Amino acid sequence: MNEVLQAQDLYQAFDMAGEPVAILQGVNLAVQAGEQVAIIGASGSGKSTLLHCLGGLEQPTQGTIYLQGRAFSAYTSTERGQLRNQYLGFVYQFHHLLAEFNALENVALPLMIGGVSRIIAQQRAQAMLDQIGLGARARHKPSALSGGERQRIAIARALVTQPVCLLADEPTGNLDRQTAAMVYGLMLEMNRAAGTSLVIVTHDMTLAAQMDRCLALQDGLLVPYPC
């Protein structure tokens, strides 16, 4: 298999009251095409920081992130944004849908940012909403949708550009168990259907056990974990 996302000797530290606090201390990770990876760890262990570095949202103190074999550090911030739009999808614990836009417009937005015309973007967004069973809710704004519906639409938005890798940070942490299971099932279904790699930060061991591989972030390093 081919590596779509790689972290090499990743370090990250933050300044806390004038003192450097090490979060990541030499993380190495290679995500293969179509692979499902769960990352677990205690609160405050640096899981979200790692995900942000993997997605090029934060610059590591040291080390290199490679996306499709390209080092993020070799690009300007504008170019990194273009790479994220083209190759990566993001899902968070809170859906972050734009309240003033309806579901269709929210899902179409990444395509339009990437230069797709409004008509084509909305056609592809509608097809994605149909695929996840929410086509009839396309004209509803987030305030008119349930928590599970909003999160499913956030997943559709993340996948509509057909990214090579989906990065998800506690994607069901704000959902009840039944709705969480439905959202997990959708993510796994889309992973299998599209061959999109999946990296999920989670506290949910039920979800982690469904992944191809489970890793724990401990003392700033990723170690294999028997899920």
Per-pair calculated FRET efficiency, R0 = 45 Å: residue 223 and residue 101 via Cβ, rounded to 0.05: 0.60
Label-to-label distance, nm, for residues given as residue 206 and residue 30 (7 Å Cα→Cβ offset): 3.5
Other-chain or far-sequence residues with amide H under 5 Å of residue 93's (modelled H): 169
Amide hydrogen neighbours beyond the local backbone of residue 63, cut-off 5 Å, H modeled: 11
Inter-probe distance in nm under a simple model that places probes 7 Å from Cα toward Cβ, at residue 143 and residue 182: 2.3
In Å, descending, principal axis extents of the Cα set of the range 101-227: 47, 30, 25
For the range 33-50 and the range 72-122, distance of Cα centres in Å: 22
Theoretical gain in end-to-end length, residue 64 to residue 11 [0.36 nm per residue, Cα-Cα removed]: 18.2 nm
Whole-Hz ³J(HN,Hα) from phi, Karplus 6.51 cos²θ - 1.76 cosθ + 1.60, for the range 41-54, glycine and proline x: x, 5, 4, x, 7, x, 4, 5, 4, 4, 5, 5, 5, 4
Full-extension gain in nm, residue 3 to residue 73, via 0.36 nm per residue minus C-alpha separation: 23.4 nm
Percentage, to the nearest whole number, of Cα pairs in the range 45-154 over 20 Å apart: 49
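After finding the eigenvalues of the alpha carbon gyration tensor for the range 3-224, what semi-axes result from the square roots of 5 times each, listed largest first in whole Å? Each step should come with its number before you reach the end.
Working: eigenvalues 167, 79, 52 Å².
Semi-axis lengths for the range 3-224 are 29, 20, 16 Å.
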Fewest-first sequence of 203, 95, 52 by Cβ atoms within 10 Å of each Cβ: 203, 52, 95
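How would 141, 47 line up from fewest to most surrounding beta-carbon atoms within 10 angstrom? If you can, show how the numbers build up before the last one.
Values: 141 16, 47 23.
Taking fewest neighbouring Cβ atoms as first place, the list is 141, 47.
So for 190, 205, fewest C-beta neighbours within 10 Å to most, what's the order?
Numbers: 190 21, 205 13.
Ordered from fewest to most neighbouring Cβ atoms within 10 Å, 190, 205 come out as 205, 190.
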Cβ-isolated cysteines (cut-off 4.7 Å), the chain: 53, 165
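Restricting to DSSP H runs of at least four residues, report the calculated mean residue ellipticity at 222 nm for the chain, -39500 (n - 2.57) per run over all residues, nearest 500 deg cm²/dmol. Display every interim value, and only then the final one.
Working: 7 runs with 79 residues, N = 227.
That calculation yields -10500 deg cm²/dmol at 222 nm.
Just so you know, all these numbers are worked out from the coordinates, no wet-lab data involved. Quantities reported herein were computed from a predicted structural model and do not represent experimental measurements. Backbone-built Cβ (ideal geometry, glycine too); neighbour counts: all protein chains shown.
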